[in-house]
1. Every residue in the stretch 8-33 that is open to solvent by 10 Å² or more (accessible area, probe 1.4 Å), hydrophobic (A, V, I, L, M, F, W, C) and in a helix (DSSP H, G or I), please.
2. Would you be able to say whether some residue in the stretch 193-213 is open to solvent by 40 Å² or more (accessible area, probe 1.4 Å), at pLDDT 95 or above and in contact with a Phe, Trp or Tyr (Cβ under 8 Å, 6 or more places away or on another chain)?
3. Is it fair to say Glu233 is out of contact with any Cys (no Cβ under 6 Å at 6 or more places or on another chain), farther than 30 Å from Cys151 by Cα and not β-branched (Val, Ile, Thr)?
4. Which count do you get for residues in the stretch 268-283 that are part of a strand (DSSP E or B) and of a type outside the set (Phe, Trp, Tyr)?
5. Could you please find all residues in the stretch 126-152 being part of a loop (DSSP other than H, G, I, E, B) and open to solvent by less than 70 Å² (accessible area, probe 1.4 Å)?
6. Residue by residue through the stretch 106-120, note down the ones that are assigned to a loop (DSSP other than H, G, I, E, B) and modelled with pLDDT of 95 or more.
7. Kindly evaluate Leu226 against the criterion of being outside any loop (DSSP other than H, G, I, E, B), within 21 Å of the chain's Cα centre (by Cα), more than 30 Å from Ile68 (Cβ to Cβ) and modelled with pLDDT of 95 or more.
8. Does the stretch 238-267 hold any residues that are assigned to a loop (DSSP other than H, G, I, E, B), over 21 Å from Asp217 (Cα atoms) and touching a Pro at 6+ places or on another chain (Cβ under 6 Å), and which are they?
Amino acid sequence: MEKILITGIEGFVGHHLTFHLLKRGYEVFGFHLLPVREPFPEVRYFQCDILDFEKLPSLLKEIKPDGIFHLAAVSSVGYSFTHPEETLRVNFIGTYHLLRALLLSSLSPRIILISSADVYGRVRDKKPIKESYPLNPISPYGISKLLAEECGKIFQKAKGLDIVILRPFNHIGIGQREDFVFPYCARRIAEIEKGISRNPLFLGNIDVQRDYLDVWDVVDAYEKALRFGKGGEIYNIATGKPIRIRDGVNFLISLAKKPIKISIRKERKRKYDIPYLSGDPKKFQKETGWQPKRDIKETLRDLLNYYRHQI
């Protein structure tokens with residue numbers, strides 16, 4: 001049985017990845033900073049700040065992982081603009097601390113370093129982009145992820161660590177924070193249906209196009225990267241089929257049991273929003289056999305039904 005460590009295990013993707021790995025027979029360990037809301041009894045959890053370098057080597061020696069998914073991060077683009085220093089520390093310095101601690105521990109697990117599609121920034125062409133596309137991040141979040149990538153490349157080339165870098169595009173699912181557009185809309189629609197909230201939905205720029213994946217397809221991709229990805233390579237995790245956010249919102253509204261209105265608010269628009277972002281997944285698909293299985297409409301329907309049962 002392989003030992004797998006997940007940093008940031010308490011997060012949205014960390015929870016789904018834990019479930020996915022346990023079903024496949026892995027022994028799972030987790031680093032968390034915030035409390036774990038729904039802990040798995042089979043998992044050994046360690047409260048650990050990824051910035052606390054003094055603590056990392058001893059924990060890594062205790063666990064002796066065969067693989068590591070490095071998910072611990074500030075994950076919100078919006079938050080990164082108001083907290084740029086924290087974002088850089090956690091996403092860049094946190095990655096550096098983890099990789100340096102592995103060297104000090106004389107451990108050589110496979111490391112799946114989770115970057116982001118935001119490293120691409122604004123793209124000129126409205127077509128799915130390959131991993132070789134020029135990088136031009138325009139947010140503190142995107143910059144922090146690019147720095148983390150560069151850190152990983154150095155430790156892989158100069159220090160011999162086995163690192164695979166993934167650039168996931170947008171993903172959604174049950175458990176995602178409600179400051180993301182689709183969970184926000186699904187919850188508000190469920191509340192309006194029950195008379196708890198009043199119309200309308202307050203939204204920002206919903207005419208941007210994004211490449212959306214269901215979180216279950218994302219964690220399946222992560223495991224396939226662990227098993228089949230090539231060390232030193234970078235892969236897009238994407239569908240290559242972007243949707244306009246407005247179309248996703250309108251689909252949720254079409255499922256509502258009451259008429260739902262939309263109100264576009266200036267304060268919700270980001271000055272540096274990226275109009276179009278979609279990734280070409282062919283490289284990853286060819287080398288790992290991964291294919292996304294869930295349609296975005298199925299995911300959105302499940303999200304709305306989840307909130308209907310919760311509220």
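1. Once the filter is applied, which keeps residues that are open to solvent by 10 Å² or more (accessible area, probe 1.4 Å), hydrophobic (A, V, I, L, M, F, W, C) and in a helix (DSSP H, G or I), the stretch 8-33 yields Phe12, Val13, Phe19, Leu22.
2. Looking for residues that are open to solvent by 40 Å² or more (accessible area, probe 1.4 Å), at pLDDT 95 or above and in contact with a Phe, Trp or Tyr (Cβ under 8 Å, 6 or more places away or on another chain), one finds none in the stretch 193-213, hence no.
3. It is false that Glu233 is out of contact with any Cys (no Cβ under 6 Å at 6 or more places or on another chain), farther than 30 Å from Cys151 by Cα and not β-branched (Val, Ile, Thr).
4. Qualifying residue count for the region: 2.
5. Answer for the stretch 126-152, where residues must be part of a loop (DSSP other than H, G, I, E, B) and open to solvent by less than 70 Å² (accessible area, probe 1.4 Å): Pro128, Glu131, Tyr133, Leu135, Pro137, Ile138, Ser139.
6. Listed by number, the residues that qualify are Pro109, Ser115, Ser116, Tyr120.
7. no
8. Within the stretch 238-267, Lys261 is the sole residue that qualifies.
The values are calculated or read from the model by the stated rules, or taken from the named source; none is laboratory data. Given the structure is predicted, the values throughout are model-derived calculations rather than measurements. No Cβ is skipped: glycine too gets one built from the backbone with ideal geometry, and neighbour counts run over all protein chains shown. Side chains are part of the model used for accessible areas, which takes the heavy atoms of the whole protein and leaves out ligands, DNA and RNA. Shrake-Rupley method; radii C 1.70, N 1.55, O 1.52, S 1.80 Å.
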